[in-house]
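Shown next, in structure tokens, is the structure this report addresses.
The values are calculated or read from the model by the stated rules, or taken from the named source; none is laboratory data. Here the structure is a predicted model, which is why all the values come from computation and not from measurement. Here the Cβ is made from the backbone with ideal geometry for all residues, glycine too, and neighbour counts use every protein chain on show. When the accessible area is computed, the model is the full protein with side chains, heavy atoms only, and any ligands, DNA or RNA have been set aside. Shrake-Rupley method; radii C 1.70, N 1.55, O 1.52, S 1.80 Å.
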Amino acid sequence: CMVLGDDAKPGTPDFDVFLKEVRKEITVKAGQKCTAVRRIFVPENYIEDFVGGIKKMLSQTTIGNPQVEGVKMGSLAGKVQREEVLEKLRILQADSEILYGDQDTLTVVGADKDKGAFISPFLLFNNKPFDTKSVHEVEAFGPIATVMPYKTIQEAVALSQLGKGSLCSSIITSDVNLAREYTLEAAPYHGRILV
């Protein structure tokens, strides 16, 4: 999971770094890495700005043959993997809304989308993260992440813990006290925390 600190307001360098890192985490290796972001925690009053910014960035992601200049995201490992990822997406959709991503209108550059295992990056939104299990427990091993609001850093910590452990977490903040509190409280549930 990734956490945007409440000091990292829209328009600040930290907010911009958060957007860039979220995009990278969703699209690098088409989301097929053990440390890719699955859950994104954003202060509730920054959700609209975050969603607008990340949707714009994802829309600029060219999908296709990585040997073609300008392509930023390739295919999944294979068609079986794509079907597994899309099945996990269907499970997540039961509790979350798709904000970005459409497999039906996916276009690829320098490749045949029907022959390759290409998939759109997907951004989902869940407004009730404490009332939903699937968003914390279902891992689609592909370019799918869910954004969720939080009110306090204690809520962000509690949400991070609902994942029942992960390899890593990140918090983007310039507030040393906020970073310390998150790190100390979330550490037992994550292999490493990047500040």
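Residues checked against (1) of a type outside the set (Lys, Arg); (2) touching a helix residue (DSSP H, G or I) at 6+ places or on another chain (Cβ under 8 Å); (3) under 18 Å from ILE26 (Cα atoms):
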site	(1), (2), (3)
GLY52	yes, no, yes
LYS56	no, no, yes
VAL68	yes, no, no
VAL71	yes, no, yes
VAL80	yes, no, no
LEU89	yes, no, yes
SER96	yes, yes, yes
ASP104	yes, no, no
ALA117	yes, yes, yes
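Can you tell me which residue within region 17-29, out of those that are hydrophobic (A, V, I, L, M, F, W, C) and open to solvent by less than 50 Å² (accessible area, probe 1.4 Å), is farthest from ALA179 (Cα to Cα)?
ILE26
Looking at the structure I just gave you, is LEU86 more than 27 Å from TYR182 (Cα to Cα), open to solvent by less than 40 Å² (accessible area, probe 1.4 Å), part of a helix (DSSP H, G or I) and at pLDDT 95 or above? It is true that LEU86 is more than 27 Å from TYR182 (Cα to Cα), open to solvent by less than 40 Å² (accessible area, probe 1.4 Å), part of a helix (DSSP H, G or I) and at pLDDT 95 or above. In region 148-165, the residues that are on the phi > 0 side of the Ramachandran plot and of a type outside the set (D, E, K, R) form Cβ pairs under 8 Å with partners that are open to solvent by 40 Å² or more (accessible area, probe 1.4 Å) and not in a loop (DSSP other than H, G, I, E, B), at six or more places apart or across chains, as follows: GLY165/TYR189. When GLU155 is tested against (1) assigned to a loop (DSSP other than H, G, I, E, B); (2) open to solvent by 10 Å² or more (accessible area, probe 1.4 Å), just one condition goes unmet, and that condition is (1). Mind listing whichever residues of region 1-16 are surrounded by 14 or more Cβ atoms within 10 Å (Cβ to Cβ) and not in a loop (DSSP other than H, G, I, E, B)? Correct list: MET2, VAL3, LEU4, ASP14, PHE15, ASP16.
Conditions (1) touching a residue at least 60 places away in the same chain (Cβ under 8 Å); (2) in contact with a Gly (Cβ under 9 Å, 6 or more places away or on another chain), marked per residue:
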position	(1), (2)
LYS128	no, no
THR132	no, no
GLY142	yes, yes
LEU167	yes, yes
SER170	yes, no
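Restricted to region 121-144, and to residues there that are out of contact with any Ser or Thr (no Cβ under 7 Å at 6 or more places or on another chain) and closer than 21 Å to LYS9 by Cα, the residue that is surrounded by the fewest Cβ atoms within 10 Å (Cβ to Cβ) is ASN127.
Only residues that are loosely packed, with under 15 Cβ neighbours inside 10 Å and assigned to a helix (DSSP H, G or I) were counted in region 30-43, giving 0.
Close Cβ contacts (under 7 Å, 6 or more residues apart or on different chains) running from residues in region 178-189 that are among the aromatic types (Phe, Trp, Tyr) to residues that are part of a helix (DSSP H, G or I) comprise TYR182/ILE153; TYR182/ALA156; TYR182/VAL157; TYR189/SER160; TYR189/GLN161.
Of the candidates THR183, THR105, the single residue that is of a type in the set (Ser, Thr, Tyr) and modelled with pLDDT under 95 is THR105. Would it be correct to say that LEU92 is part of a loop (DSSP other than H, G, I, E, B), hydrophobic (A, V, I, L, M, F, W, C) and touching a strand residue (DSSP E or B) at 6+ places or on another chain (Cβ under 9 Å)? So LEU92 does not fit the description; no.
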